[in-house]
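Colleague: I am attaching a structure below and will ask some questions about it afterwards.
Read the figures in this text as sums done on the coordinates, not as results from a lab. This structure is a prediction, so every number in the text was calculated from the model and none was measured. Counting neighbours? That spans all protein chains shown, and the Cβs are built from the backbone with ideal geometry, glycine included.
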Amino acid sequence: MGTIATTGNKGKGVRSDCFVTLELTDVGGIQLQVESKVAVMYGDSIRTEMLKILDFFGVENARVKIEDSGALSLVIAARLEAAIKKLIPTEKNWLPAMLNENLYTTAKDRNRFSRLYLPGNSPSLMINAGIHKPDGIILDLEDAVAPDKKDEARFLVRNALCGIDFYGAERMVRINQGERGIEDLNYIIPYNVNLILLPKCEKPEQLQAVNDQIKKIQQKYNQTNPVWIMPIIESALGVINAYPIASFSENIVSIAIGLEDYTADLGTRRTAEGLESFFARSCVVNAARAAGIQPIDSVFSDVGDMEGLRENVLRSKALGFDGMGCIHPRQIVVIHETFAPTPDEIEKAKKIVYAFHKAQEQGLGVVALGTKMIDPPVVKRALNTINLALKMNKLNENWREFYEKI
Amino acid sequence: MKKFDKLISNAIGRLVPTVINGKPAVPYMGVGKYKPEGFRAAPKITSCADYPADGNKVIPSLKEALLKAGLRDGITISTHHHFRNGDLVATQIFDIAHELGIKDLMWYPSASFPCHEPMTKYLEDGTINRIEGSMNGALGRFTSEGKMKGLGVLRSHGGRYQAVQDGEVHIDIAVIAAPTADQFGDANGVNGPAACGPLGFALADAQYADKVIIVTDNLVPFPCLPWQINGNYVDFVVVLDKIGIAEKIVSGTTEITKSPDRLLLAEWSAKFCDEAGLIYDGFSFQAGAGGTALSIGIYFSEILRDRKWKARFARGGSNKYLVQMLEEGLVEYILDGQTFDLEGVRSMRDNPHHTDTSPFTSYNYHSKGNFSSMVDIVILGATEVDVNFNANVVTHSDGYLLHGIGGWQNTLFGKCVILPIPLFRDRMPVIRDEVTTICGPGELIDVIVTERGIAINPLRTDLIEKMKNSSLPIKTIHELKSEAEKICGVPAKPKFTEEVVAVVKWVDGTVLDSIRRVVV
């Protein structure tokens, strides 16, 4: 370990973040230099907070400089802690208060139409993510973080899980591949993460390792909240093993497909039509349905092309997917609207479900609409549509009363 | 001459000077409370006998024209800001004054821009005593740090006209940069390499100044039509090689915002207007130039198109988006105060439904009414708002003066004033217990739209009633404030000295608030 460490970000375009330089010295006490865009409003509180943290970690002699572009206090704390831990081995953690609002758990079968990727080392994108109402937010420790920033991102993501309100979105983290990913769990499992995305999942053994570690941590912290897993299939081997992966354990709620890596693995490239990934996508849908979980599609990467996105979602829905990733908040509305049942679909479903309930009430085994018999799978699909419409506020919960009157 | 003296508490509880730069000033008394008596100022009587019968008022250089116009110590020189950050004329005037060793001038611009930063050296060396108008960016910083000799006075566009008309400010020399002019001094802003659209901000200057100099780089034979400025007001015409940098005049950089947070503000603002019944066939709105305001226009368009409605008029700042609405038939008229891009200039030049306005027609409070109070929906910005809905547009939460008032105060008289603003910028909460500087009294501000909720002014019981069952997140302003402080922490207040460095005037010329020197 050296004597100088830097963490965070600075420079043009950097907002809501800070850059910390920590140099351990032998004598002289703490020399703290605060440069802040919000010095007038928060200069004093930044100084007090930083001194407290340095003291907490037993740093007695150091030159510390913060170049702050309006970072929230939990961001400053994450940056400083990361810098200290680069230089001093310690088991201690400086945690922001866990917000009461952040203590919710999520249901296994909740809607997962949209999940918004947030780079794990970019605080500015996290703070307002929840206001766009995605079904889930993903604090990404993997591909969206530069290799040399992966350590410090863990502290930021941990602090975000404690102190940022995502307004009811399912709180997800994408961990790294391999051993690093297993270590990532230590930084997030104790802080009420709802779901872990496991990238490049190819074999059930990977899931075993993740589950073992989760169990270990939860035992240590005496926690029992569910932690769901969404493995991401991103390779030819992963596609082949889709069913064993999807059905591996009770806490696997969905499997997602990642097409950039998958097409690279195939030695081809991703096209708008997606013919090259048709097989893989169908395999994932099939495996997920066989395991009774949700199949989730890849992201659509042109954030400016809302029409393209809409077409993509329609294709996705037609293939049987239940949701997809997004990389920009504006994609959320389009994804929700397009995955939602159309008014036409809802009307048809209402007729069928109404007839189904009538038939049940009359003790009839067969559902009929007029003179036409309705097959059980059609009834099941209609029930799903109605449930979805209810969940998405596209249908009043008392719809049957209204329906009766017509 | 004392910079400021005799501070008293005004009707909104702010301590303001009653003597400003040696002259008496009236403290703010409330909205519509101050009723001045007497007569408007009047320019000197002139005679055609003193002007060339052939109409040729061209003088070889700006320096010569300024000297002929009586450039001397202690006078007031005015300019307009239609060239925005592409203005090449204003600084030249003071270069000349400096070269001649002239001191203690008052610069009276309708607004200042970053390109006017060189003025700081003339403020330092005493060429310029003070600025009355707007002090943006570097000039604001300079003022805030107490370096300006005289006291700065901030006025709205309407207040600037009112001050000249009422004789509060006497312009000795008006220098009007004009994209096209003839030798008689008729001028417009719609043609020429420095085309900027209207020239309305220079109207008071033309009408009331002792001497008026037109400066152009596009001299055409008489008649220059349209004549937005009549040559009958003009003393001299100067032709320069270049008066403005076109790409900085009509920057075209004002685009629909791509920020998802701002788009959300725009979407909610438009939804609010719709649910509150503010949008109807024949309604009117004020379109701001900011990215958020532009996006609201897009949402308005969707609503109008769907219902086959039209807006009777839109108040500009115009730009291509508003022009599209006009040309698509979603808006019947644009009443334009300034034009932000070339599409706006083209439309004003070619479309009789797109007309130029001046602070007289749109904003002047000491007149027989003006149309700002007829606008149904007004969308504005602010740097801060307080729990009493008072808003600030000139200083930031760190105490520094950084912006002018523009037409902001004047448009507050619209029927529903909506401020879509982020709840906090980086870590700076926008809703405060008390704004650093009051620019608009809360009674005129109706709705604050933030990404975490919408607050309606308790005075607007009608709006509260209409939004009772809204799907939008309606909250109280106190709730919004605590939400921001929970995320950001409670901010400390900026530290000021007792020294007043500038004042904010209300639309009627009374003193609304003082801006104090920051402690550096």
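Colleague: Of B:Val58, A:Ile217, A:Val75, whose Cα points farthest to the positive end of the dipole of the protein assembly as shown (charges on the beta-carbon: +1 Lys, Arg; -1 Asp, Glu; origin at the Cα centre)?
Modeller: Of the listed residues, the answer is A:Ile217.
Colleague: On to the next question. Around B:Asn191, with a cut-off of 14 angstrom between Cβ atoms, what is the net charge of the other residues, counting Lys and Arg +1 and Asp and Glu -1?
Modeller: Every neighbour counted, the sum reads -3.
Colleague: How big is D, in µm² s⁻¹, for chain A by Stokes-Einstein at 20 °C and 1.002 mPa s if Rh is the Kirkwood radius over C-alpha pairs? Mind dumping the intermediate values first?
Modeller: Details: Rh = 23.4 Å.
Diffusion coefficient, whole number: 92 µm²/s.
Colleague: Continuing with the same structure: For region B:247-377, what is the number of Lys pairs with C-alpha distance below 27 angstrom, counting only pairs 8 or more positions apart or on separate chains?
Modeller: Number of lysine pairs found: 10.
Colleague: Suppose we keep just the DSSP beta bridges with both residues in chain B; what percent of those would be antiparallel, to 5?
Modeller: About 35 percent, rounded to the nearest 5.
Colleague: Now a separate question. Does chain B come out rounded, prolate or oblate, given a ≥ b ≥ c as the square roots of the eigenvalues of its C-alpha gyration tensor, rounded meaning a/c under 1.5 and, failing that, prolate meaning a/b above b/c?
Modeller: Oblate.
Colleague: Just rank A:Arg115, B:Arg460, fewest to most, by other beta-carbon atoms within 10 angstrom. If you can, show how the numbers build up before the last one.
Modeller: Values: A:Arg115 27, B:Arg460 19.
Fewest-to-most ranking of A:Arg115, B:Arg460: B:Arg460, A:Arg115.
Colleague: Rg (Å, one decimal) plus Dmax (Å, integer) for the alpha carbons of region A:307-370?
Modeller: Cα only, region A:307-370: 16.8, 50 Å (Rg, Dmax).
Colleague: Let me ask another. How big is the Cα convex hull of region B:249-339 in projection, averaged over all directions, in nm²?
Modeller: 5.4
Colleague: Excluding residues fewer than 8 places away in the same chain, name every one of the aspartates and glutamates whose C-alpha is closer than 19 Å to that of B:Lys495.
Modeller: The qualifying aspartates and glutamates are A:Glu35, A:Asp44, B:Glu145, B:Glu384, B:Asp386, B:Asp398, B:Asp433, B:Glu434, B:Asp513.
Colleague: Can you tally the net charge around A:Pro244? Count Lys and Arg as +1, Asp and Glu as -1, for every other residue whose Cβ sits under 14 Å from the Cβ of A:Pro244.
Modeller: With Lys, Arg at +1 and Asp, Glu at -1, the neighbours total -1.
Colleague: Which order do A:Thr90, B:Thr216 fall in if you start with the one that has the fewest other Cβ atoms within 10 Å?
Modeller: Ranked by crowding around the Cβ, least crowded first: A:Thr90, B:Thr216.
Colleague: Find me the longest stretch of chain B that has none of the exposed GluC sites (Glu not before Pro), where exposed means in a DSSP loop (not H, G, I, E or B) with at most 13 other Cβ atoms within 10 Å. Don't skip to the answer; put the middle values down first.
Modeller: Numbers: sites that count: B:Glu37, B:Glu255.
Of all site-free stretches, the longest is B:256-520.
Colleague: A further question on this structure: Excluding residues on the same chain fewer than 8 positions from B:Lys481, give the lysines whose Cα lies under 18 Å from its Cα.
Modeller: B:Lys493
Colleague: Hey, if you put +1 on the Cβ of every Lys and Arg and -1 on every Asp and Glu Cβ in chain A, which of A:Tyr243, A:Ile257, A:Cys18 ends up farthest toward the positive end of that dipole?
Modeller: Value: A:Tyr243.
Colleague: Would you mind checking which residues have amide H under 5 Å from B:Gln286's amide H? H placed 1.01 Å from N; only 5 or more apart, or other chain.
Modeller: B:Arg315, B:Ile377, B:Val378, B:Ile379
Colleague: Longest span of chain B, sites excluded, free of chymotrypsin sites (Phe, Trp or Tyr not before Pro) in DSSP loop with at most 15 other C-beta atoms within 10 Å?
Modeller: It works out to B:40-279.
Colleague: If you rank B:Lys468, A:Lys149 by fewest surrounding Cβ atoms within 10 Å, what's the result? Could you put the intermediate results ahead of the total?
Modeller: Working: B:Lys468 8, A:Lys149 20.
Final ranking by Cβ density, sparse to dense: B:Lys468, A:Lys149.
Colleague: Assigning unit charges at the beta carbon (Lys, Arg +1; Asp, Glu -1) and nothing else, what dipole magnitude in debye, to the nearest 20, does region A:343-405 show about its Cα centre? Kindly include the intermediate steps, with their values, before the conclusion.
Modeller: Values: 11 positive and 8 negative charges, 19 e Å.
I would put it at about 100 debye.
Colleague: Taking the Cα centroid of region B:462-481 and of region B:107-176, what is the distance between the two, rounded to the nearest whole Å?
Modeller: About 40 Å separates the Cα centre of region B:462-481 from the one of region B:107-176.
Colleague: Could you give log10 I(q)/I(0) at q = 0.13, 0.23 Å⁻¹ for region B:414-520, computed by the Debye formula over C-alpha point scatterers of equal weight, without solvent?
Modeller: -0.60, -1.27
Colleague: Ok, one more. Taking each residue in B:483-494, count the Cβ atoms of any other chain within 10 Å of its Cβ, then average. What number comes out?
Modeller: Neighbouring Cβ atoms belonging to other protein chains average 4 per residue here.
Colleague: Rounding to the nearest 20 debye, state how big the charge dipole of region B:344-425 is about its Cα centre with +1 on each Lys and Arg Cβ and -1 on each Asp and Glu Cβ.
Modeller: Its charge dipole is roughly 240 debye.
Colleague: Output the relative contact order of region A:119-167, whole-number percent, from Cα pairs under 8 angstrom with separation of 6+ residues.
Modeller: This gives 53 percent for region A:119-167.
Colleague: Give me the one-decimal Kirkwood hydrodynamic radius in Å for region B:56-249, with the sum taken over alpha-carbon pairs.
Modeller: In region B:56-249 this quantity evaluates to 16.3 Å.
Colleague: Output the 0 to 90 degree angle, nearest 10, between the alpha-carbon long axis of helix A:306-319 and the longest principal axis computed from the alpha carbons of chain A.
Modeller: 60
Colleague: Name the aspartates and glutamates eligible as straight-distance cross-link partners of A:Lys358: C-alpha to C-alpha under 19 Å, and not fewer than 8 places from it in the same chain.
Modeller: Qualifying aspartates and glutamates at Cα under 19 Å: A:Glu347, A:Asp375, A:Glu397, A:Glu401, A:Glu404.
Colleague: Using the alpha-carbon atoms, what tilt in degrees (0 to 90, nearest 10) does helix A:178-188 show relative to the longest principal axis of chain A?
Modeller: Result, in degrees: 80.
Colleague: Structure shown: which of A:Lys37/B:Lys149; B:Lys44/B:Lys68; A:Lys10/A:Lys65 lie over 19 Å apart, alpha-carbon to alpha-carbon?
Modeller: Beyond 19 Å between Cα atoms: A:Lys37/B:Lys149.
Colleague: If you take all C-alpha pairs in region A:343-405, what percent of them are over 18 Å apart?
Modeller: Taking all Cα-Cα pairs of region A:343-405, the fraction more than 18 Å apart is 31 percent.
Colleague: What dipole magnitude, in Debye to the nearest 20, does the protein assembly as shown give about its Cα centre under +1 on Lys/Arg Cβ and -1 on Asp/Glu Cβ?
Modeller: Magnitude of the dipole: close to 1420 debye.
Colleague: Work the Kirkwood hydrodynamic radius out for the protein assembly as shown: mean of 1/r over every pair of different alpha-carbon atoms, inverted, in Å.
Modeller: Numbers: mean 1/r = 0.0319 Å⁻¹.
Radius from the Kirkwood sum: 31.3 Å.
Colleague: Over its Cα atoms, what ratio of radius of gyration to 2.2 N^0.38 Å does region A:4-87 give?
Modeller: 0.99
Colleague: Please compute the contact order of region A:343-405 in relative form: average sequence separation of alpha-carbon pairs under 8 Å and at least six residues apart, divided by the residue count, as a percent.
Modeller: After rounding, I find 34 percent.
Colleague: For B:Thr357, what charge total do you get from the other residues with a beta carbon under 12 Å from its beta carbon, if Lys and Arg give +1 and Asp and Glu give -1?
Modeller: -1
Colleague: Here's another thing I want to ask about it. Ranked from highest to lowest mean number of other Cβ atoms within 10 Å per residue, what is the order of the peptides A:176-187, A:70-81?
Modeller: A:70-81, A:176-187
Colleague: Per residue Cα convex hull volume for region B:1-102, in cubic angstrom?
Modeller: Measuring per residue, one finds 209 Å³ for the Cα hull of region B:1-102.
Colleague: While we're here: Along its principal axes, what span do the Cα atoms of region B:260-492 show, with the longest given first and each in whole Å?
Modeller: Computed over region B:260-492, the largest-to-smallest principal extents equal 53, 39, 35 Å.
Colleague: Something else about it: Explain nothing, just the number: relative contact order of region B:56-249, from Cα pairs under 8 Å at least 6 residues apart, as a whole percent.
Modeller: RCO, region B:56-249: 27 percent.
Colleague: Can I ask one more? So if I take the alpha carbon set of region A:42-84, get Rg, then get Rh from the Kirkwood formula, what is the Rg over Rh ratio? All intermediate terms of the calculation are to be shown ahead of the outcome.
Modeller: On the way: Rg = 9.8 Å, Rh = 10.6 Å.
Radius of gyration relative to Kirkwood radius: 0.92.
Colleague: Now for a different question. Across the residues of A:39-47, average count of Cβ atoms on other protein chains within 10 Å? Before the final figure, lay out each step's value.
Modeller: Working: counts 2, 13, 14, 7, 1, 1, 4, 2, 0.
Whole-number average of other-chain Cβ neighbours for A:39-47 is 5.
Colleague: Out of the DSSP beta bridges found with both residues in the protein assembly as shown, what percent are antiparallel (nearest 5)?
Modeller: Among the beta bridges of the protein assembly as shown, antiparallel pairing accounts for roughly 35 percent.
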